[in-house]
1. Among the lysines, which have Cα under 20 Å from the Cα of K302 when same-chain residues fewer than 8 positions away are ignored?
2. Would you work out which of I311, G116, A205 lies farthest towards the positive end of the dipole of the chain? Charges go on Cβ: Lys and Arg +1, Asp and Glu -1.
3. Would you work out the relative contact order for the stretch 55-173, in percent, from Cα pairs under 8 angstrom that are 6 or more residues apart?
4. Could you give the dipole magnitude of the stretch 156-280 about its Cα centre, charging the beta-carbon of Lys and Arg +1 and that of Asp and Glu -1, in debye to the nearest 20?
5. Once you have the Cα-Cα distance between T108 and A175, take 0.36 nm times their residue separation minus that, and quote the gain in nm to one decimal.
6. Using only Cα atoms, tell me the angle between helix 40-52 and the longest principal axis of the chain; keep it within 0 to 90° and round to the nearest 10.
7. Take A306 and E71, extend 7 Å from each Cα along the Cα→Cβ direction, and tell me the distance between the two endpoints in nm.
8. In whole percent, what relative contact order does the stretch 282-324 give with Cα contacts below 8 Å and a gap of six or more residues?
Amino acid sequence: MRRREFITLLCSVGAWPLAASAQQKPVIGFLNSGSPDAYPDRVIAFHQGLRQLGYIEGENVVVDYRWALGEYDRLPAFAAELVKRRVSVLVATGGEPAALAAKSATSTIPIVFAIGGDPIKLGLVATYNRPGGNATGANILAAEMDGKRLALLHEMMPNVARVGLLLDPNFPAYATQLNELQQAAAIINLQAEILRAGTDGEIEAAFELASQKRVEALVLAASPFFDTRRDKLVALAASHVLPTIYHFREFAAAGGLVSYGVSIPHIYRQIGIYAGRILNGDNPANLPVQQPTSFEMVVNLKTAKALGLTIPPTLLARADEVIE
């Protein structure tokens with residue numbers, strides 16, 4: 001976490017902050033459910049987006065970071081701190097917990113979020129095209145793609161009959177994810193074992209339970225908590241010889257078998273652009289919520305070999321990246 005000098009920004013009620021004068025740098029509050037160690041490429045992409053609008057941290061803008069390290073209950077206090085500082089824009093990333101904490105903390109400071117679920121159902125915006133309030137951002141469809149990931153895992157291992165579904169019960173999208181995954185499993189006639197983990201100890205226990213239940217493959221549901229435990233999850237999957245599909249490329253790059261989801265750096269770059277546009281005077285009420293139009297599949301052949309798996313050539317041909 002980096003703490004900078006305290007800067008008071010004056011803005012009139014009902015008006016969005018404009019770019020600050022030469023005597024004063026605007027402050028962006030950066031609220032994230034995860035950890036800086038897990039997200040270095042995302043922060044870089046965020047700054048690339050800001051730079052497109054002419055903003056460079058340390059030169060003409062200050063970024064005040066708050067990282068919850070996967071502990072969602074810390075987010076409301078962090079959001080309140082940033083609101084008290086009267087930041088010009090509150091960037092809430094790392095999923096629903098940060099966005100909801102930001103929205104609860106302020107109805108006037110502009111919010112730019114990155115979440116995995118429907119912002120309308122969450123009460124963050126009125127519509128995708130015209131959000132209508134003080135919040136806008138991106139829906140990366142992470143939770144909605146869990147069923148697709150299960151289908152891909154089945155295509156990769158068509159003889160598997162029993163699959164584990166590992167979810168974070170503390171994640172706001174948990175119920176939606178569970179329903180999506182159970183429906184997907186029923187459609188392709190798979191026996192699903194529900195595994196839950198919201199703490200480090202529960203992660204280890206979930207893998208032990210998977211072994212006891214003779215789970216043959218695993219779907220890791222999207223969760224900021226899981227993102228902060230990426231290396232641990234990948235290592236446990238390897239030690240239990242459990243083929244696992246993940247939601248972000250970083251898992252496959254760290255040794256996971258396969259990932260399928262959006263390009264997260266692209267989303268964070270867009271978040272930076274939106275933050276810059278708001279600093280330049282744009283109203284978040286009029287900035288459409290962004291949705292991904294493409295998804296990337298990454299296959300780690302080295303891990304497949306270690307697991308004794310042969311990836312179907314038709315699936316390999318569709319992969320956006322093959323790690324050898």
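The values are calculated or read from the model by the stated rules, or taken from the named source; none is laboratory data. Predicted, not measured: the structure shown is a model, and the values here were computed from it. Counting neighbours? That spans all protein chains shown, and the Cβs are built from the backbone with ideal geometry, glycine included. Quick note on the areas: whole protein, heavy atoms, side chains included, nothing else; ligands and nucleic acids left out. Shrake-Rupley method; radii C 1.70, N 1.55, O 1.52, S 1.80 Å.
1. Cross-link targets: K232.
2. Result: G116.
3. 19 percent
4. 300 debye
5. Extra length available between T108 and A175 comes to 21.1 nm.
6. 40 degrees
7. Using points 7 Å along Cα→Cβ, the separation is 3.0 nm.
8. Numbers: 29 pairs, mean separation 20.3, N = 43.
This gives 47 percent for the stretch 282-324.
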